[in-house]
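The values are calculated or read from the model by the stated rules, or taken from the named source; none is laboratory data. Note that the coordinates shown come from a computational prediction; the quantities given were computed from them, not determined experimentally. Virtual Cβ from ideal backbone geometry, glycine too; neighbours counted across all protein chains shown. Only protein heavy atoms, including side chains, enter the accessible area calculation; ligands, DNA and RNA are left aside. Shrake-Rupley method; radii C 1.70, N 1.55, O 1.52, S 1.80 Å.
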Amino acid sequence: MFIGFTGPNAAGKGEAIKYLVDKCRFTAFSLSDILRNELKNRSLEINRDNLISIGNEMRAKEGPGVLARMTAMKIKNMPQAVIDSIRNPAEIEELRKSLKSFVLIGVTADVKTRYERAKSRAREGEGFISLDEFTAKEARENSTDPNAQQLNVCFEYTDMKIDNSGPVENLYAALDGILKDLNYVPYTRPSWTEYFMKMAYLAAERSTCIRHHVGAVIVKNNKVVSTGYNGAAAGVKDCTELGCLRDQMGIASGTRHEICRAIHAEQNAIIQAALNGTSTEGATIYCTHSPCIICAKMVVNAKIKKFITTNYYPDSAYEELFREAGVEFSTVKRPPLTINFLD
């Protein structure tokens, strides 16, 4: 989830972002960071006037959505982030186009409250003399130039709005309500089980079976021993070329396993471990499907002690064998198959 904030100066956007960072572990980004870096490269003072000037210059030269485009490229593969300093409608358009689940929140407050906040923080050239000067400066900064700041227009494009004229607790409550309405689920680091099950599904993508794609990963002490997927023996034609022999003969899933061109995923994983001279004794196998009886026998003799899966293959004969041989069997919820990482 990506949440953007826009609104007038000193409305409380920074406090809203801090709350999401502290409570929900969002990572914060600001379109102004690009401008600050540019000012540093030019050895110019970082103040509000210079930030506006360099921003207008970059938009005029590279398009009004340039800051959003550069930021989106950096964060698009993240699971969640919060974005500040959105000041041009083209930036909103770019973020909505480039980021999945992008939501824009407008934060505002009455002008007197914002003026007092701006005076108290006095950052980046915000040393205003009077309320009149504060409002006049804001009016000058709200341009009709498509390459300049258009805060008033951006505020009208928001998905939801927060009036932050009151105490900060009201702001927090409003943010909690928005997260609830959005059905927000915090990002969490995958567990070892989710991690290895994802690998099993990745292995399954290599399958050449046209009935079931199955993947398996053998793990020992949280280290991958081997992987496997169901497919024809090495060097021979597979079902994607020849068609399914079992379909041609009308054989139902879960029966007559010997009539098949494919070697099953569990079998291939065990064979690969043997070829590499790696013991599978005491290991765990993560597989996208429960085993057929032939694979179950191989699991027992490979001295694998745990079998973890998310789906059932239509052959339950393994159950009694595993109970007798002491192989622990369990099913888990299929993990999300998206890949979330910092690029």
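For this structure, a couple of remarks:
- Using a probe radius of 1.4 angstrom, the carbon and sulfur fraction of the accessible surface of the chain is 51%.
- Of Thr331, Thr278, Thr288, the one that fluctuates the most in a GNM where the chain has Cα springs shorter than 10 Å: Thr278
- Contact order, relative form, for the chain: 15 percent (alpha carbon pairs under 8 Å, 6 or more residues apart, mean separation divided by residue count).
- The DSSP beta bridges internal to the chain are antiparallel in roughly 30% of cases.
- With R₀ fixed at 30 Å, the C-beta to C-beta distance from Glu241 to Leu337 puts the FRET efficiency at about 0.65.
- Remark: region 2-148 carries a charge dipole of roughly 560 debye about the Cα centre, counting +1 on each Lys and Arg Cβ and -1 on each Asp and Glu Cβ.
- For a straight C-alpha distance cut-off of 19 angstrom, the lysines reachable from Lys306 (same-chain residues fewer than eight places away being disregarded) are Lys198, Lys220, Lys223, Lys297, Lys333.
- Relative contact order (%) - region 47-201, alpha-carbon pairs under 8 angstrom, separation at least six: 28 percent
- Percentage relative contact order, region 125-266, counting C-alpha pairs under 8 Å, at least six apart: 14 percent
- Karplus-derived 3J(HN,Hα) values for region 78-84, using 6.51 cos²θ - 1.76 cosθ + 1.60 with θ = phi - 60°, are 7, x, 7, 7, 10, 10, 10 Hz; glycine and proline are entered as x.
- Once the convex hull of all Cα atoms in the chain is built, its volume per residue stands at 202 Å³.
- Per residue, the accessible area of region 212-342 comes to 54 Å² when a 1.4 Å probe rolls over the protein heavy atoms.
- P(r) tail fraction, region 185-291 - alpha-carbon pairs more than 21 Å apart, %: 40 percent
- Estimated inter-spin distance, Asn311 and Val185, nm [label 7 Å along Cα→Cβ]: 1.9 nm
- Only Lys, Arg, Asp and Glu carry charge here, each on its Cβ (+1 for the first two, -1 for the last two); on that basis region 192-343 has a dipole of about 140 debye about its Cα centre.
- Computed from phi, the 3J(HN,Hα) profile of region 203-216 under the Karplus parametrisation 6.51, -1.76, 1.60 (θ = phi - 60°) reads 4, 4, 5, 7, 4, 10, 6, 9, 9, 9, 8, 10, x, 9 Hz, with x in place of Gly and Pro.
- Unit charges at the beta carbon, dipole of region 30-179: most positive-side option, Val168, Asn142, Met70: Met70
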